[in-house]
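Just so you know, all these numbers are worked out from the coordinates, no wet-lab data involved. Computed from a predicted model, the values in this text were never measured in an experiment. Cβ placement follows ideal geometry from the backbone for every residue including glycine, while neighbour counts extend to all protein chains displayed.
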Amino acid sequence: NNRIIPDLVDFTKTFFAKHTLLAILTKYCVFTSENMLLVMRPYQIVATERILNRIEIANNYKKYGSVAGGGYIWHTTGSGKTLTSFKTAQLASGLGFIDKVLFVVDRKDLDYQTMKEYDRFEKGAANSNTSTAILKKQLENSNCKIIITTIQKLSVFIAKNKGHEVFDKKVVIIFDECHRSQFGDMHLDIVKNFKKYFLFGFTGTPIFAVNANSGKHANLRTTEQAFGDKLHTYTIVDAINDKNVLPFRVDYVKTLEKEPDIDDAKVWDIDREAVWNSPDRIEKVVKYILDNFNRKTYRNEKSYSFNSLLNIQEVASAKNEAEEIKQKLRLSGFNSIFCVSSVEAAKLYYNEFKKQMAENPSKALKIATIFSYGANEEEQDGILDEENPEDTTRLDSSSRDFLKGAIKDYNATFGTSYDTSSDKFQNYYKDVSLRMKNRQIDLLIVVNMFLTGFDATTLNTLWVDKNLKAHGLIQAYSRTNRILNSIKTYGNIVCFRNLQKRTDDAISLFGDKEAGGIVLMKGYKDYYYGYTDKDGKLKPGYILLVQDLQDKFPLDEQILGEKAKKEFISLFGAVLRMRNLLASFDEFAGNEFLTEREMQDYTGKYIDLRDEFVKGGKDKENINDDIVFEVELIKQIEINIDYILMLVKKYHDSHKNDKEVLISIQKAIDSSFELRSKKKLIETFVDGINDVDDVIIEWRNFVAEEKEKELAEIIKEENLKPEETRQFIEYSLRDGALKTTGTDIDKILPPVSRFGGGREKKKRNVIAKLSSFFDRFSGL
C-alpha cells in the first residue's frame, strides 16, 4: 500500500526475511551497462510481482486470451515505469510457457527511447525494429524473446499476416502509457488475432468512467474495460511524498476582463477562438513571458553542473545508433514549454515572440516550434490528440510553409539543416527533443507534441494557453516535475486561462480529495511569513528564519562550540532552501531582508564550517551524519570567475589603490565553493598584475602557464608518463570529473611492483596531487 515502515524492528523482520532478501538480490536488481547497480523501489517490485502472478494464474486456469488474464498498473508519470516494464518483460520471458514478450509503444520516438533505456539496463536484452519486415522476422525467431515495437507496426503486421503461427503462441503484450492510442481499432486487431495473449497496460493517468470519451467502441472506453483489473497503484501523491517527483506551483494570469467560459457545454465556436487569439491578448501574453522568463526559470542567478550532450545533430540524424559524447558543463537555470490551443495560435505566438525580441534584444530567447497537424482545440475526454512526429502531410499548405520558415530559423540558430520532408522532419523532432533535454532551447511552442511521454530534467516551466483537463492536464503538467537537484524544488505552471477548477478536479481524480495540499505548492505569503500545517504545527516563514539567524548568529561574532555550529548550519540551510523556493515569486524581489554583502558573509561562514566538519570527519571516529550541507544551493548563488575578473579590472583601473575592491574579491572567493580551491591562483594573479590592455586575456595566459608548470612538476615528481598524463587531465577537465577508478588512471603510472603495497601507495599519492590540481584548474 506504499506505506513506509518507520519501526526498524518491523522493517528488519520484513526486509531481511529470507524470501524477500533473496528475491531482491536475484530478481529485482539491475546491473546496468554503465556498471551501475540499480535496486528497484518497493512499488516497482510489487507491480512486477502482481503481473507475474496474474500470468501464472491465467495460464493455470486457461484465462489467457481475455481481459481476465491481464490487468493494468497505475504508476504516476515520472515514477520509473520503464524500469518496472523492463524487469516485468525480462522475468516474464523467463517463464517456461511464455513464447514472446511484446512491449508496445505508440510513437516511433518512444520506440527508440525505450530501446535506449532497455539497452542501458542490459545490452542486447531486447530487440527493436525499424520496419514491419524486421518485426515479422523477430516474431518468427525463437531467440528474440523480448521485442519492442510500435502499435502501428504491430497493426500492419496483423493486417498483412492473417493466420500467422505467432497468433497461436503464448504472448505477453505490455502497453506503455495505455491511456493513449489503445482505445480503438488497433487494440481490437490485436486481441482478435492473438489467441493466447496476456495483456497488460502501464499508465500514469488511467481512463475512468468519469473521464472516458464517447468513442465508437463502447466496451473499450475505460482502462479497466480494455485491460482488466487494476493490479497496483502508485499515485502522484505517493510519488511526491516519497520525493520521487516534485509538486507543482500553479499561477493563473488574467489576460481578459471577461474570459469565455471554457467549460460551457456548447460546441467550440469561431468567435470564442477569435477572443483567445486576438492580437492584443497575444501581445500581452508574450510580453508577460519575456518579462518573467528569467525569474520563472531561474536564469542568470541559479547555476548547476550538468552532463551535456555535445554531438546532438549527429545523434539525431544517425540511421543507426551514434555514440553520444558528453561533457560536464555549468548551466544557468532551466527551460520551458509553451502549449497553445491550435496550429493557428502557435503561428501567431511564434511571430509575436520574434517581433518583440527584435524590438528588445536584451529579452531575446532561443525559441522553436513543432507541430504536425491542426489538432482539435477541445478534446472532449481530455486526451491530448497525438501528433505524428514522422511527417507533416496532414498540415495545410500555409501551416506547412510557416513550419518551413520556423525550421529555417532553427537551422540558422543551431547550424543544422532540417526541413519538413519525412526523414528530415523526424530528425528535426529528435534534434528538438535532445536540445530541450540539454537546455539549449529556452522556450518550445507546441500544440500537443512533447506534452506526453517526454522527460527532460532541465525543464521546470510550462506556460499554458490551452484548455487542458483530466489526464491531459496531469500529463502536460508532469513534464515539469522531474527531479534534477536541490535548486529545482517544484514544477512551475503558468496558466493564461482560468484552469483552476480543472486543475483541482484532475488532482482529485488522479490523487485523492486531499491531494491538493500535497501536489500544489502554497502561496507566497505562506512561505514568506509562515503557516500552520494540517496537524496544527507552525511552519516558520522566511522572515522568522532570517530574524532567528541574525539574533542567534550576528556576523561580527564568532560561532563557538560544536552545538552552536550545528545549529547555525541547520538554520542557514533552512534560509537557503526558503530563498530558493521564494525566488520565482514576483513579490520576493526587493524583499530579501538580507543585503548581498550579508548573504556573502553568512555563506563564507557556512563554507568554513563545512570544510571544518568534512575535513575533521576524516580524523574523527564519529563523522557527523546528522549535518546536511546545502552544497547545490550554495553553488547556485555562486560568484563565478567572470565576476572576480570584473573586480580585478576595477582594481587594476584604480592603479591598485582601491583597497575596498580587494576586500570584495576576498569575500567573494570565501563565499564560493568553486573558487576557494583557486584562491592562491587568483591572489597570485592579482598581486602580479601590472599595466595590461585586457585583464581577461592576461588571466587566460596566466592560467595556461601555471597549469603547464604545475602539471610538469607533478609528472616529474611522480615519474608519470607525460603524454598519457596530459591526455588524462585534458579529458578530466573536459568532462568535469577526475576519474580515479578504472584503467585510465593506471595507464599514467610508472612501472611499480604490484607486491608489497607500493603500487597502491603510489596510486593514492598521484590521485591526491591530481585531485588538488583538478580542483584548482577545473572550470577556468
How many angstrom lie between the C-alpha centres of region 1-76 and region 299-348?
-> 35
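Between the DSSP loop rule and a limit of at most 14 other Cβ atoms within 10 Å, which trypsin sites (Lys or Arg not before Pro) in region 5-85 are left?
Lys62
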In order through region 324-336: 3J(HN,Hα) via Karplus (6.51 cos²θ - 1.76 cosθ + 1.60), integer Hz, x for Gly, Pro | 8, 9, 10, 9, 6, 10, 9, 9, 10, x, 10, 10, 8
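Restrict the search to region 496-572; then list the GluC sites (Glu not before Pro) that DSSP places in a loop and that have at most 13 other Cβ atoms within 10 Å of their Cβ. Intermediate values should be presented prior to the final figure.
Numbers: sites: Glu514, Glu557, Glu562, Glu567; in loops: Glu514, Glu557.
Loop-located and lightly packed - Glu514, Glu557.
Place a +1 charge on the Cβ of each Lys and Arg in region 8-234 and a -1 charge on the Cβ of each Asp and Glu, then give the dipole magnitude about the Cα centre in debye, rounded to the nearest 20.
In total the dipole reaches around 400 debye.
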Candidate cut points under GluC sites (Glu not before Pro) in region 2-78, DSSP loop plus at most 13 other Cβ atoms within 10 Å of their own Cβ, are Glu34
Tell me, in nm to one decimal, what length is gained between Glu724 and Lys761 on full extension, where the rule is 0.36 nm per residue of separation less the Cα-Cα distance?
-> 11.3 nm
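Could you list His471, His164 in order of exposure, starting from the residue whose Cβ has the fewest other Cβ atoms within 10 Å? Please report the intermediate quantities before stating the final value.
Numbers: His471 27, His164 16.
The fewest-first ordering by Cβ neighbours comes to His164, His471.
Pairs to check: Lys525/Lys552; Lys116/Lys230; Lys747/Lys769. Give those whose C-alpha atoms are more than 21 Å from each other in this structure.
Values: Lys525/Lys552 24 Å; Lys116/Lys230 28 Å; Lys747/Lys769 16 Å.
Check vs 21 Å cut-off fails for Lys525/Lys552; Lys116/Lys230.
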Mind giving me the nanometre distance, one decimal, between the label points for Asp119 and Phe15, set 7 Å out from Cα along Cα→Cβ?
-> 3.5
Filter the cross-link list Lys347/Lys466; Lys62/Lys195; Lys100/Lys153; Lys287/Lys437; Lys539/Lys563 down to pairs whose alpha-carbon distance in this structure exceeds 18 Å.
-> Lys287/Lys437; Lys539/Lys563
